[in-house]
Amino acid sequence: MMSTSKESNDAPEEPRTSGIYVYGIVPADVEAEEDAVGVCDGSVAIVTHGDIAALVSEISVDRPLGKPEDLQAHAHLLDGTSGVAPVLPLRFGAVMTDEEAVEKELLEAHAEEFAAALKELEGRAQYVVKGRYVEEAILREIIEENQQAGELVGAIRDQPEETTRDARMALGEIVSNGIEAKRDEDTRTVVEALQSLSDSVNVREPTHEEEAAQVAVLVEVARQEELEKAVGELAERWDGRVEMRLLGPLAAYDFVVTQKPEG
């Protein structure tokens, strides 16, 4: 005897081929620019719930994430938004099943939390102040200030490398410790210069051995010129010794990055 199958119930579900990539949370009145491009060149859209919304784009679930251009697209969209509206960035790689999941499982589930955080960020963005030592200048400074370093330099000068290996290692350690001490001191100087502009300051770990300082600060966008002036004064003070850079406005990665949602 043959039995009939229940096609509607027993037929296997078609595997999902796409998902919704979520960049961050913004106020509901934010509009995506027509030419805004997201990860994998996806068109950026807005999913709203009440007074909050999510910046999203469609993405193929078969395409692995993590290429440099993916990270750049993620940051570019969030940073561009931060200059005109508060934005809560999500960690890179946040993908949900569909727009309904974004609204229900992300926006609705965290509505009060997101709304409060956006209110705190209103009118503000993150900026990063970076300083990099000029190699010759900082080496000269350390050697002039450290008698042992000066003696080691004299002992090494014009001598074969194989006969001065221990002296070179000792000098390298002195220089490394000297840069670390100066970095601590110069970072404190940068923080003091920024304190009048914000009470939200985060000292980042160095990403380069000759880094003088790397400090993230949450500042009112309207006070950007004041920030630029403060950094310019530091650059003038350290001319020839430290090269200063100011990045921003950026999304507030150091202060309010939300967790990656389950999708």
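Remarks
- Kirkwood hydrodynamic radius of the range 105-263, Cα pairs, Å: 18.4
- Summed residue charge, Cβ within 10 Å of Tyr253's Cβ, Lys/Arg positive, Asp/Glu negative: -1
- Principal-axis analysis of the Cα atoms of the chain puts helix 165-194 at an angle of about 60° to the longest axis.
- Note that the chain presents 60 Å² accessible area per residue, ligands and nucleic acids not counted, probe 1.4 Å.
- Across all C-alpha atoms in the range 18-122, the radius of gyration and Dmax reach 12.7, 37 Å.
- Unit Cα scatterers, Debye sum, the range 196-260: log10 I(q)/I(0) for q = 0.17, 0.24, 0.28 Å⁻¹: -0.70, -1.22, -1.39
- Rg ratio (alpha-carbon, reference 2.2 N^0.38 Å) - the range 132-215: 1.36
- Based on DSSP H segments of at least four residues, each scored -39500 (n - 2.57), the chain has a per-residue ellipticity at 222 nm of -12000 deg cm²/dmol.
- Summed side-chain charge close to Glu211 - residues other than Glu211 whose Cβ falls under 14 Å, Lys, Arg +1, Asp, Glu -1: -2
- Net charge of neighbours whose Cβ lies under 10 Å from the Cβ of Tyr133, counting Lys and Arg as +1 and Asp and Glu as -1: -4
- GNM top mover of Gln147, Gln126, Gln214 - the chain, alpha-carbon springs below 10 Å: Gln147
- Loop GluC sites (Glu not before Pro), the range 104-141 (other Cβ atoms within 10 Å of the site Cβ: 13 or fewer; DSSP): Glu122
- Relative contact order (%) - the chain, alpha-carbon pairs under 8 angstrom, separation at least six: 25
The values are calculated or read from the model by the stated rules, or taken from the named source; none is laboratory data. It should be emphasised that the depicted structure is a prediction, and the values quoted were computed from it without experimental measurement. Glycine also receives a Cβ, built like all others from the backbone with ideal geometry; neighbour counts cover every protein chain displayed. Note: accessible area is taken over every heavy atom of the protein model, side chains too, but ligands, DNA and RNA are not part of it. Shrake-Rupley method; radii C 1.70, N 1.55, O 1.52, S 1.80 Å.
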